[in-house]
1. Determine which single condition Glu22 fails, assuming it passes every other condition in (1) at pLDDT below 95; (2) surrounded by 14 or more Cβ atoms within 10 Å (Cβ to Cβ); (3) touching a strand residue (DSSP E or B) at 6+ places or on another chain (Cβ under 6 Å); (4) not small (Gly, Ala, Ser).
2. If I ask for residues that are out of contact with any Ser or Thr (no Cβ under 9 Å at 6 or more places or on another chain), part of a helix (DSSP H, G or I) and surrounded by 13 or more Cβ atoms within 10 Å (Cβ to Cβ), which ones from the stretch 26-51 would you list?
3. Any residue at all in the stretch 82-105 that is in a loop (DSSP other than H, G, I, E, B), among the β-branched types (Val, Ile, Thr) and touching a strand residue (DSSP E or B) at 6+ places or on another chain (Cβ under 9 Å)?
4. Can you spot a residue in the stretch 109-124 that is at pLDDT 95 or above and under 20 Å from Arg32 (Cα atoms)?
5. Given the options Val120, Val129, Val115, name the one that is under 18 Å from Ala162 (Cβ atoms), exposed (fewer than 13 other Cβ atoms within 10 Å of the Cβ) and of a type in the set (A, V, I, L, M).
6. Here is a check on your reading of the model: is Ala94 at pLDDT 95 or above, surrounded by fewer than 15 Cβ atoms within 10 Å (Cβ to Cβ) and aliphatic (A, V, I, L, M)?
7. Output the residues belonging to the stretch 75-131 that are of a type in the set (Val, Ile, Thr) and over 12 Å from the mean Cα position of the chain (by Cα).
8. Of the residues that sit in the stretch 132-141 and are in a strand (DSSP E or B) and surrounded by fewer than 17 Cβ atoms within 10 Å (Cβ to Cβ), which one is farthest from the chain's Cα centre (by Cα)?
Amino acid sequence: MTRATLAELEARATAPKSGGTEARPGPDLFARPFAEISVGDRFTTGGRAVSEGDILHFAALTGDRHPQHTDPEWAAGSRFGEQIAHGLLVLSFAVGLLPLDPDRIVALRRVGDAVFKQPVTIGDTVHVVGEIVDTREVDAEQGLVEACLRILNDSGRLAVRANVELVWRT
């Protein structure tokens, strides 16, 4: 049971891949039994394009109708110069991109340390590069797996960084 520090994760993100395993785009890592998950295991998801419709639907669903997200004219005069996706929409897309096997993953237990680094704009495609940073057995039936998610846009820039904790069947 080892926990990687943020500095170690950032160093690994820029270093050549070594240690752990790189999951294929399919559900490989997320279908493994808990005992086969290791700190250092890495994964990359497919992508998801963000549309204006996505942003407007999210605004309607949540009630967050800030003009930075919903009003093109207002947003054009803002710091970002255009409409941007809600940070929590981007984070939600990231969780949706994870190929969580329902036979293994019981629940998303925690989202923590989310930092919104760069805006995601209409037409951007986001994907997740992640790494397992902690595992902990809870009981004979379940364990906790913590992953550091790096949500990147289509130009490879870091949009969001967050940790998630998953309840995993043993």
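The values are calculated or read from the model by the stated rules, or taken from the named source; none is laboratory data. Computed from a predicted structure; not experimentally measured. Note: ideal-geometry Cβ built from the backbone for every residue, glycine included; neighbour counts use all protein chains shown.
1. Checking Glu22 against (1) at pLDDT below 95; (2) surrounded by 14 or more Cβ atoms within 10 Å (Cβ to Cβ); (3) touching a strand residue (DSSP E or B) at 6+ places or on another chain (Cβ under 6 Å); (4) not small (Gly, Ala, Ser), the one that fails is (2).
2. Just the residues of the stretch 26-51 that are out of contact with any Ser or Thr (no Cβ under 9 Å at 6 or more places or on another chain), to begin with: 26-27, 30-32, 36, 44-46, 51.
Subset that is part of a helix (DSSP H, G or I): 30-31, 36.
Once the filter is applied, which keeps residues that are out of contact with any Ser or Thr (no Cβ under 9 Å at 6 or more places or on another chain), part of a helix (DSSP H, G or I) and surrounded by 13 or more Cβ atoms within 10 Å (Cβ to Cβ), the stretch 26-51 yields Phe30, Ala31.
3. Let us first name the residues in the stretch 82-105 that are in a loop (DSSP other than H, G, I, E, B), namely 82-83, 85-86, 98-104.
If we keep only those that are among the β-branched types (Val, Ile, Thr) as well, we get none.
So far as the stretch 82-105 goes, no, none of its residues is in a loop (DSSP other than H, G, I, E, B), among the β-branched types (Val, Ile, Thr) and touching a strand residue (DSSP E or B) at 6+ places or on another chain (Cβ under 9 Å).
4. Within the stretch 109-124, one or more residues are at pLDDT 95 or above and under 20 Å from Arg32 (Cα atoms).
5. Working: Val120 fails: exposed (fewer than 13 other Cβ atoms within 10 Å of the Cβ); Val129 fails: exposed (fewer than 13 other Cβ atoms within 10 Å of the Cβ).
Exactly one of Val120, Val129, Val115 is under 18 Å from Ala162 (Cβ atoms), exposed (fewer than 13 other Cβ atoms within 10 Å of the Cβ) and of a type in the set (A, V, I, L, M), namely Val115.
6. Working: at pLDDT 95 or above: yes; surrounded by fewer than 15 Cβ atoms within 10 Å (Cβ to Cβ): no; aliphatic (A, V, I, L, M): yes.
Criteria not met by Ala94.
7. Applying the first criterion (of a type in the set (Val, Ile, Thr)) to the stretch 75-131 yields 84, 90, 95, 105-106, 111, 115, 120-122, 125-126, 128-129.
Passing the criteria: Ile84, Ile105, Val106, Val120, Thr121, Ile122, Thr125.
8. The extreme case among them is Glu137.
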